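This structure is in structure tokens; I'll ask about it shortly.
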Amino acid sequence: MPNKRDFLSVDDLSPAELVGLLDEADEIKARPEAFAERIAGRQVLLIFEKPSTRTRVSFEVAVTSMGGHALVLRSDELQLGRGETIGDTGRVLSGYADAIVLRTFGQDRLELLAEAAAVPVVNALSDFSHPCQALADLQSIREQKGTLEGLALAYLGDGNNVAHSLMFAGAKVGMDVRVASPPGYEPSAQVAERSSLIGAETGGRTTVTNVVAEAASGADVLYTDVWASMGQESQSGERAEILAHYRLDGDAVDLAKEDVIVMHCLPAHRDEEIAAEVLDGPHSVVWDQAANRLHTQKALLAWLLG
Ligand code: CP
């Protein structure tokens, strides 16, 4: 595919492209029937090296409800599980499919796949980033608040892949993104530096702190994610102790604006990273946020497949 585009990181998009995708996602959400043939006859391969509920199902439904065909595979069903390289796999699969969506471990695996594949490659989560999640997050925030620019988003907890994508995404649209994590669990310094550079162009701001109040005070959006990501389960006890002070609970909500919205990419662990009464409470938009995965991924596939 000449001039193919990949979506490995939110930073692959210009600010205008990102806002364009959000606008398209709104349009698709409002009039899904108008997009029923948008990728008719196109084949999309979805490969999962880690479990997934939302990403897997929303991508499969996105493809089929726009007239395409989705083939979902686990890596242990492919020769990948027996040592065939990701590059060789990408070269071969490009002969059968129009796009490849991959959930994997290292971001380098996505980069190798994208380099080898002749068709667009989409990051369905890596240890480094979760850009598809960030698209749905921005759509959800804009729906609730009517705007993105200038809003303060406080992310509390582990500075993980979801935090990285939110930092990039917030910077691209001029938000004030504040991440509060315990020492040693902060997001990547390179992501913070790059997000600050992007913000210098867009009016966005990126802050990383160890102090919850510094992030949450006056926030428009409170966000958290699990303390032990996939592959870190053996550290869950130690992480629960270290991160306990960063729980998104009623105290954090009290620090934020009165009309704060509470977000979580899910799956959630009630009364670990988020208090049950907050997840299920009046500020929470997590179910709408999860539903928006469908619309933003439709917009992304429609764009990538042309
Ligand atoms: N938020 C998210 O990516 O959920 P899944 O792991 O279920 O896909």
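No value in this document is a laboratory result; all are computed from the given coordinates. On a predicted model such as this, the values are computed, not experimentally measured, just so you know. Every residue, glycine among them, receives a Cβ derived from its backbone with ideal geometry; neighbour counts consider all protein chains shown.
What are the ³J(HN,Hα) couplings of the stretch 48-64, residue after residue, when phi is run through the Karplus curve with 6.51, -1.76, 1.60 and θ = phi - 60°? Round to Hz, x for glycine and proline.
Values, residue by residue: 10, 9, 9, x, 6, 10, 5, 5, 5, 6, 5, 5, 5, 5, 4, 5, 5 Hz.
Using amide H atoms built in the peptide plane, which far-off residues or other-chain residues are under 5 Å from L46 H to H?
Here the answer is L71, V72, L73, V101, since their amide H atoms fall under 5 Å of that of L46.
Please give the peptides 115-124, 290-299 ranked by average Cβ packing (other Cβ atoms within 10 Å per residue), highest first, as a rough proxy for protection.
Details: 115-124: 22.3, 290-299: 23.8.
Ranking, from highest mean packing down: 290-299, 115-124.
Along the Cα→Cβ direction, 7 angstrom out, place labels at L266 and T202. What is the inter-label distance in nm?
Using points 7 Å along Cα→Cβ, the separation is 2.5 nm.
Another question about this same structure. Considering the dipole of the chain built from charges on the beta carbon (Lys and Arg +1, Asp and Glu -1) around the Cα centre, which of G87, L300, A213 is farthest to its positive end?
G87
Which ³J(HN,Hα) values, rounded to whole Hz and listed in residue order, are derived for the stretch 70-83 from phi using the Karplus coefficients 6.51, -1.76 and 1.60 in 6.51 cos²θ - 1.76 cosθ + 1.60 with θ = phi - 60°, glycine and proline given as x?
Listing the rounded values in order: 10, 10, 9, 9, 8, 4, 6, 8, 10, 5, 3, x, 10, x Hz.
Can you work out the Karplus-derived ³J(HN,Hα) for every residue in the stretch 189-203? Use 6.51 cos²θ - 1.76 cosθ + 1.60 with θ = phi - 60°, whole Hz, and x for glycine or proline.
Result, rounded to whole Hz: 5, 5, 5, 4, 5, 5, 5, 5, 5, 4, x, 4, 8, 9, x.
Another question, if that's okay. Pulled fully out, how much extra length does the chain show between D288 and R74, if you take 0.36 nm times their separation in residues and subtract their Cα-Cα distance?
Details: separation 214, 0.36 × 214 = 77.04 nm, distance 2.76 nm.
74.3 nm is the gain from fully extending D288 to R74.
Moving to a separate point now. Please compute the net charge surrounding T53, taking Lys and Arg as +1 and Asp and Glu as -1 over other residues with Cβ under 12 Å from its Cβ. List each step's numbers first, then the result.
Values: positive: K50, R54, R56, R103, R293; negative: E60.
Net charge in that neighbourhood comes out at +4.
On full extension of the chain, what length is gained from E238 through E84, given 0.36 nm per residue of separation minus the C-alpha to C-alpha distance? It would help to have the intermediate numbers written out before the result.
On the way: separation 154, 0.36 × 154 = 55.44 nm, distance 3.56 nm.
Here the segment from E238 to E84 would lengthen by 51.9 nm.
List every residue whose amide H lies under 5 Å from the amide H of E273, counting only residues 5 or more places away in sequence or on a different chain, with H placed 1.01 Å from N in the peptide plane.
W227
Highest mean first, how do 76-85, 270-279 rank when packing is the count of other Cβ atoms within 10 Å averaged over residues?
Numbers: 76-85: 11.9, 270-279: 18.9.
Per-residue mean Cβ counts within 10 Å order the peptides as 270-279, 76-85.
Between D12 and E277, what is the FRET efficiency for a Förster distance of 41 Å, r being their Cβ-Cβ separation, to the nearest 0.05?
Values: r = 38 Å, r/R0 = 0.93.
It comes out at approximately 0.60.
Right, next: Cut-off under 20 Å on the C-alpha distance; same-chain residues fewer than 8 positions from K298 excluded. Which lysines are left, in chain and number order?
Qualifying lysines at Cα under 20 Å: K4, K29.
If you don't mind, another one. If the cut-off is a Cα-Cα distance under 14 Å, which aspartates and glutamates reach K172, setting aside same-chain residues fewer than 8 apart in sequence?
Cα-Cα hits under 14 Å: D11, D12, E17, D137, E149, E193, E201.
State the dimensionless ratio Rg/Rh of the stretch 27-97 (Rg: radius of gyration of Cα atoms; Rh: Kirkwood radius).
On the way: Rg = 14.2 Å, Rh = 13.4 Å.
Here Rg/Rh amounts to 1.06.
How far is the Cα center of the stretch 231-305 from the Cα center of the stretch 55-91, in Å?
Their Cα centres are 27 Å away from one another.
Could you work out the longest stretch of the chain that avoids the chymotrypsin sites (Phe, Trp or Tyr not before Pro) located in DSSP loops with at most 16 other Cβ atoms within 10 Å? Can you show the working numbers first?
On the way: sites that count: Y96, F105.
That would be 106-306.
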